[in-house]
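Colleague: Below: one structure in structure tokens.
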Amino acid sequence: MSDVITVPQVRPVQPVLRFLRVVPGVILLAAIGYAGKLLEQNVGAYAKAHHWTFPNIEYVLWAIVLGLVISNTVDVPEIFRTGVATYEFWLKAGIVLLGSRFLLGDILKLGGISLVLVAVEITGSIAFMTFLGRLFRLKPKLTSLLAVGSAVCGVSAIIATKGAIEADDEDSSFSIAAILALGALALFTFPVIGHFLHLSDRAYGLWAGLAVDNTAEATAAGALYSDAASKLAVLVKSTRNAMIGFVVLAYAIYWASRGQAQSVGNKAAFLWQKFPKFVLGFLLISVLATYHFFNKEQIGALANLSRWAFLLTFAGVGLRTNFREMRKQGLRPFAVGAIGEVVIAVFTLGLVAGAVGDGSHGGSDPRAAASTKVSSVYVASIGLFARPRGFFESAQSAVKGHNRAARENSKNSHDDRQAIDVDFQRGLQIAAGRQVVNGKSEEKERKEDHWKNRHQEFACLGHLIYGFHSSPSSNRIRADRPTPS
Amino acid sequence: MSGEAKAVKKGNGWRLSLDAWAVLVAFLAALLVRFGVFKHVPW
């Protein structure tokens, strides 16, 4: 027997072979996604033809459910697994393409609001999850991973943090399983809660982007509600993703200071390494769209390409979710994650209610009135972003206008953008605590009032100069009085 | 029994991340649409 161990040389897999390995899984993703699309079109039509009462189920849900059924019954065969794992690639490509449907101004306006919300959400989530981890006596690094996963962006954040704080594989598996299971639950519960509370597309999109952990699940939860909600959810989620580097860096420095992780040398390089590059792609394509690099038809084509990419993603979300595997990981991290997620969902709903109004569709529905009351309590108690007095009347009028405009124009991306642009401006005014009356903010009205008064004063001065009589009291004429000729 | 193992330094090479690939593919698709290779993408 030879005393020299011969290590078999592992030959690098050729790029062509690697590509071929991916193909079966991608075909499976496409087949499930397309089956979902066909089911959406045909099941509704069939039910209508036979006078059945059947809810209109979107392709997103069909694709996820089909994937879930396969994954949790026959399991995904080995040959498809490499290709199924590409769903994240399709998600990121889809988000970049979706950038063409945003004007840069929209992103800057909404980005401003969402950045504040994201900062509050991340701080609150990390603080609460850390408290919860200590309460349940979880291992400190496991607590850190769960906190990052629920505060920033799910699995990617956990993987990035794991490397930076040198956490155990077991801890990261626990956290990933908990975050994935909770993401799957959020996927089905968020749209139901959104409809129950009669949230507007904007309010729901913000909420899903802030509270759902994984980008794929956040996109799907948004798409299950509406196209406009999906767009917003993606934008807000991307803002959260952009924060990943800062949060991971903070954790790395914290654990290094305790001597339990390597210290970070070049912080700028670290941030760049952790920064999700698809966010840059999203912004860049939005800049191109803003400066008319694409015409209207081309933007429509890019939007459809983005939908196809998301179709593969949604199928992958279902195929990847295996409840048996998740059950094996134990109950305690899941319990901590679940309690944390519920609190974060309620907290972020309050933030959204405070930032953009109650978001109800209005009308005479008693549930809408009930949800308005819930939101009123929120705004009164949180009071972070809005002045409660006279707030809901203005928010409701803006939201009603937006909903109508968004629905009428949902097929037309340019008009849709304009509707959303108008809505963003209203949202910004509301977020700044200004009342919106008949489409004008109080401040704008005050300015107009001011200039009307100035104009009238000049007119009176003219009267004086040209020898007309004008008493001192009449020099200042209120705007509601007729202007002297 | 004595063992002998040779540490083989693995060449990392220059590899793009998944994100970077996604951005590249998305931009390639956008350029193909922009320059009329894909005139209409159905849904």
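The values are calculated or read from the model by the stated rules, or taken from the named source; none is laboratory data. Values in this document were obtained by computation on a predicted structure and should not be read as measured data. We place every Cβ from the backbone using ideal geometry, glycine too, and count neighbours over all the protein chains shown. Note: accessible area is taken over every heavy atom of the protein model, side chains too, but ligands, DNA and RNA are not part of it. Shrake-Rupley method; radii C 1.70, N 1.55, O 1.52, S 1.80 Å.
Colleague: Near A:GLU88, within a Cβ-to-Cβ distance under 11 Å, what is the net charge of the other residues, with Lys and Arg +1 and Asp and Glu -1?
Modeller: Working: positive: A:LYS92, A:ARG320; negative: B:ASP19.
Around A:GLU88, the charge tally is +1.
Colleague: If you don't mind, another one. Nearest 0.05, what FRET efficiency do A:LEU20 and B:SER17 give at R0 = 30 Å with Cβ-Cβ as r? Can you show the working numbers first?
Modeller: Working: r = 22 Å, r/R0 = 0.73.
That gives a FRET efficiency of 0.85.
Colleague: Interface size between chain A and chain B, please: total buried accessible area, 1.4 Å probe, rounded to the nearest 100 Å². Mind showing how you got there, number by number?
Modeller: Values: alone 24420 and 4950 Å², together 26960 Å².
Counting both chains, the buried surface is close to 2400 Å².
Colleague: Follow-up. At 7 Å along Cα-to-Cβ for each site, give me the label-to-label distance between A:ALA49 and A:ILE339 in nm.
Modeller: Between A:ALA49 and A:ILE339, the simple spin-label model gives 5.3 nm.
Colleague: Need the per-residue list for region B:18-43: every residue with at least 40 Å² less accessible surface in the complex of protein chains than in the chain by itself, probe 1.4 Å, sorted by number.
Modeller: Buried on complex formation: B:LEU18, B:ASP19, B:ALA22, B:VAL23, B:ALA26, B:PHE27, B:ALA30, B:VAL33, B:ARG34, B:VAL41, B:TRP43.
Colleague: In region A:85-115, which residues become less accessible by 40 Å² or more once every protein chain is in place, relative to the chain on its own, using a 1.4 Å probe?
Modeller: Residues meeting the cut-off: A:PHE89, A:LYS92.
Colleague: May I pose another question? What's the extension gain from A:ASP168 to A:PHE246 if we count 0.36 nm per residue and subtract their Cα-Cα distance?
Modeller: Values: separation 78, 0.36 × 78 = 28.08 nm, distance 2.16 nm.
Taking 0.36 nm per residue and subtracting the Cα distance, the gain is 25.9 nm.
Colleague: Could you list, in their original order, any pairs among A:LYS37/A:LYS92; A:LYS162/A:LYS267; A:LYS109/A:LYS277; A:LYS109/A:LYS162; A:LYS92/A:LYS296 whose Cα atoms are separated by more than 29 Å? Before the final figure, lay out each step's value.
Modeller: Working: A:LYS37/A:LYS92 21 Å; A:LYS162/A:LYS267 17 Å; A:LYS109/A:LYS277 21 Å; A:LYS109/A:LYS162 34 Å; A:LYS92/A:LYS296 23 Å.
Those over the limit are A:LYS109/A:LYS162.
Colleague: Please report the net charge: other residues with Cβ closer than 13 Å to the Cβ of A:ASP171, K and R +1, D and E -1.
Modeller: Working: positive: A:LYS139, A:LYS141, A:LYS162, A:ARG332; negative: A:GLU166, A:ASP168, A:ASP169, A:GLU170.
Overall, the nearby charge balance is 0.
Colleague: Identify the residues of region A:112-140 with backbone N under 20 Å of a label point that sits 7 angstrom from the Cα of A:ARG258 along the Cα-to-Cβ direction, or state none.
Modeller: Flagged as within label range: A:123-140.
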